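The structure appears below as structure tokens.
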Amino acid sequence: MMNQDYQGIKKLLAEKIGLGPDKIGQHQLIRAVNIRQQACGVNQLSNYLQRLQSSAYEFQELVEEIVIGETWFFRHRGAFSLLSHYVKTQWLPSASQQTLRILSVPCSTGEEPYSIAMTLLNSPLTSRQFSVEGMDISQEALAIAKKGIYGKNSFRSHDQVDYQHFFEVEENRYQIAPSIRRQVKFSNKNLLSAWPANHPPYHVIFCRHLLIYLDQVSRDRVLKTLDSILWEGGLLFVGAVETNLIKSPNFRFMSNPSAFAYEKLSLPRAKVPLNLRQTRKPLRPSTTKKILSPPLSTSPKQKIQVSSLEMAQKFANQGKLKEATQSCQTYLQRNPVDAEGYVLLGEISQAQDNQEEAQRCFQKALYLRPNYRKALVHLALLLESKGDKQGAAILKNRIQRLNNLQG
Ligand SMILES: C[S@@+](CC[C@H](N)C(=O)[O-])C[C@H]1O[C@@H](n2cnc3c(N)ncnc32)[C@H](O)[C@@H]1O
């Protein structure tokens, strides 16, 4: 049992950086506090706690001793493969006029955001078409990131990756080439702190190996923040051990191997099944997004309606396409004007190689919701794959106009 002052320090760490009290070992905490007590010449633990409470500088110094900045280039290789695939198949066909904005938080000593930049420079994107931001709470880690000089320990991915030409190598010293350094901007950020209102959204966020260290309240807060700064249809990458921590219905797990990624769903603004409209109060903005999670006062009938689309999505993610089709059709029988249901059915039909049915579904979705970006993108790609370049171009123009409207 730790004494009260150590408990006080843990409480402070939980409040300010979200560190779960059970995520830091007793020895690790005592060691870090000892180092800092010696550095500032404070012998009494109770006095040191007071110093921590009153000095932002000292708190940051303790954080530097405590955080674990373990990272390496191309950690979870599948994530970078999916990023590259996303750029080629989704981003470029639909939004190539915009700058692809990517955030890596926490970025630690920089290996992750630099790996992202290398991946994108190996893709059809040019350096002007994307930007990468790396953020971390640790100033020391950021100083290393900005220098961009690494040793062998930063290369632990066993897969062969074509990145050698992005380094200038001198014995065991690997310096990031200027072409990559230019692409990445670093800044200091506590992910628990507020973000400016109207912050431009990121299209892709890497938030890997942080959630696992946070307590439940902080984790929920961080996930809410990430949701608010991520573009609809954008990707969220987490660590392999963190996939069970994302419970929000706003995110759909992507089954790509070793990618550990979620797609943020583009959900309709006001989605109430027609047959329930007369009996329900108007939805408040905060509840309109939660279409897949039943609202508090859900009737049994509504629960069935909600769950069959959720079930369809789950089956589809598991590759159980027959079951997915059935659940989706059941859902659409009850919700015949739901564009999202038609897009999902279209995706499932494509997975079954039934392009005709897929096209019918995407068209139906667009008839119901003409500005539904996901349906537009799917249909544009499908028409293009069929050789209907003119049809695809018309849809791409519509997508572009939507992008311009959203800034
Ligand atoms: C294990 S590293 C993860 C690096 C990289 N994302 C990866 O997966 O390889 C964890 C990083 O989280 C940072 N960190 C801890 N708490 C944070 C917070 N509240 N806000 C921002 N960064 C934080 C630490 O400084 C550390 O560099």
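Throughout, read-outs are computed from the coordinates displayed, never taken from laboratory work. Given the structure is predicted, the values throughout are model-derived calculations rather than measurements. Because the Cβ atoms are built from the backbone with ideal geometry, glycine has one as well, and the counts that use them run over all protein chains shown.
So who's got an amide H within less than 5 Å of the one on Arg208, skipping anything under 5 residues away but keeping other chains? H placed 1.01 Å off N, in plane.
Counting only residues 5 or more places away or on other chains, the set is Val105.
Calculate for the chain the 222 nm mean residue ellipticity that helices alone would give, adding -39,500 (n - 2.57) per DSSP H run of length 4 or more and normalising by residue count, nearest 500 deg cm²/dmol. Mind showing how you got there, number by number?
Details: 17 runs with 197 residues, N = 407.
When only DSSP H runs of four or more count, the value is -15000 deg cm²/dmol.
What percentages make up the Cα-Cα pair-distance distribution of the chain when the bins are 20 Å wide from 0?
24, 50, 23, 3
Any idea what the relative contact order of region 299-406 is, in percent, if you count C-alpha pairs under 8 Å spaced at least 6 apart? Display every interim value, and only then the final one.
Values: 112 pairs, mean separation 17.7, N = 108.
Relative contact order, region 299-406: 16 percent.
Averaged over every viewing direction, what's the projected area of the C-alpha convex hull for region 4-66? Give it in nm², one decimal, please. Could the numbers behind the result be given before it?
Working: hull surface 14.7 nm².
Computed as one quarter of the Cα hull surface, the answer is 3.7 nm².
Report the normalised scattering of region 45-149 as log10 I(q)/I(0) at q = 0.19, 0.24 Å⁻¹, calculated by the Debye formula with identical scatterers on the alpha carbons.
So the normalised log intensities work out to -0.93, -1.24.
For the chain, set up a Gaussian network in which alpha carbons nearer than 10 Å are linked by springs, and say which option among Ser94, Ser228, Ser55 fluctuates the most.
Ser55
Provide the gained length on full extension for the span Gln329 to Ala177, in nm with one decimal, where the gain is 0.36 nm per separating residue minus the Cα-Cα distance. Write down the numbers at each step before the final one.
Working: separation 152, 0.36 × 152 = 54.72 nm, distance 5.28 nm.
Going from the current span to full extension adds 49.4 nm.
Please report the orientation-averaged projected area of region 77-264, defined via the convex hull of its C-alpha atoms, in nm². Intermediate values should be presented prior to the final figure.
On the way: hull surface 42.9 nm².
About 10.7 nm², averaged over all directions.
Beyond 19 Å, how much of the Cα-Cα pair distribution for region 299-406 remains, as a whole percent?
Working: 2650 of 5778 pairs.
The calculated P(r) of region 299-406 puts 46 percent of pairs beyond 19 Å.
³J(HN,Hα) across region 239-254 via Karplus (A = 6.51, B = -1.76, C = 1.60, θ = phi - 60°), whole Hz, x for Gly/Pro?
x, 4, 8, 10, 5, 7, 8, 9, 10, 5, x, 6, 10, 10, 5, 9
Sticking to Cα atoms, compute the Rg of region 160-205 to one decimal and its Dmax as the biggest Cα-Cα distance, whole number, in Å.
16.2, 47
Please tell me which of these pairs span more than 32 angstrom C-alpha to C-alpha: Lys11/Lys152; Lys16/Lys146; Lys152/Lys264; Lys185/Lys389; Lys189/Lys247; Lys185/Lys320?
On the way: Lys11/Lys152 37 Å; Lys16/Lys146 25 Å; Lys152/Lys264 36 Å; Lys185/Lys389 38 Å; Lys189/Lys247 25 Å; Lys185/Lys320 42 Å.
Flagged as over cut-off: Lys11/Lys152; Lys152/Lys264; Lys185/Lys389; Lys185/Lys320.
Starting from the amide H of Gly234, placed 1.01 Å from N in the peptide plane, find each other amide H under 5 Å away whose residue is 5 or more places distant or on another chain.
Under 5 Å from the amide H of Gly234 lie the amide H atoms of Lys264, each far enough along the sequence or on another chain.
Would you kindly state how much longer the chain becomes between Met254 and Asn122 on full extension, computed as 0.36 nm times their sequence separation minus their alpha carbon distance, in nm to one decimal?
Values: separation 132, 0.36 × 132 = 47.52 nm, distance 2.27 nm.
Between Met254 and Asn122, full extension yields 45.2 nm more.
For Glu64, what is the net charge nearby, where nearby means another residue's Cβ is under 12 Å from its Cβ and Lys, Arg count +1, Asp, Glu -1? Please report the intermediate quantities before stating the final value.
Values: positive: Arg36; negative: Glu58, Glu61, Glu65, Asp136, Glu140.
Residues near Glu64 contribute -4 overall.
With θ set to phi - 60° and the Karplus curve 6.51 cos²θ - 1.76 cosθ + 1.60, what are the ³J(HN,Hα) couplings of region 163-178 in order, to the nearest whole Hz, using x for Gly and Pro?
Here the 3J(HN,Hα) series is 10, 3, 6, 8, 10, 9, 9, 9, 6, 9, 10, 10, 9, 5, 5, x Hz.
Given a cut-off of under 8 Å on Cα pairs at least six residues apart, what relative contact order in percent is computed for the chain? Walk me through the numbers before you get to the answer.
Values: 563 pairs, mean separation 50.8, N = 407.
Rounded, it is 12 percent for the chain.
Any idea how far apart Glu170 and Lys146 come out in nm if each label point goes 7 Å out from Cα toward Cβ?
Using points 7 Å along Cα→Cβ, the separation is 2.0 nm.
At a Förster radius of 45 Å, what calculated FRET efficiency corresponds to the Cβ-Cβ distance of Gln355 and Asn244, to the nearest 0.05? If you can, show how the numbers build up before the last one.
Working: r = 35 Å, r/R0 = 0.78.
After rounding to 0.05, the efficiency reads 0.80.
Provide the gained length on full extension for the span Lys320 to Leu92, in nm with one decimal, where the gain is 0.36 nm per separating residue minus the Cα-Cα distance. Don't jump to the answer; show the numbers that get you there.
On the way: separation 228, 0.36 × 228 = 82.08 nm, distance 2.96 nm.
Roughly 79.1 nm would be gained on extension.
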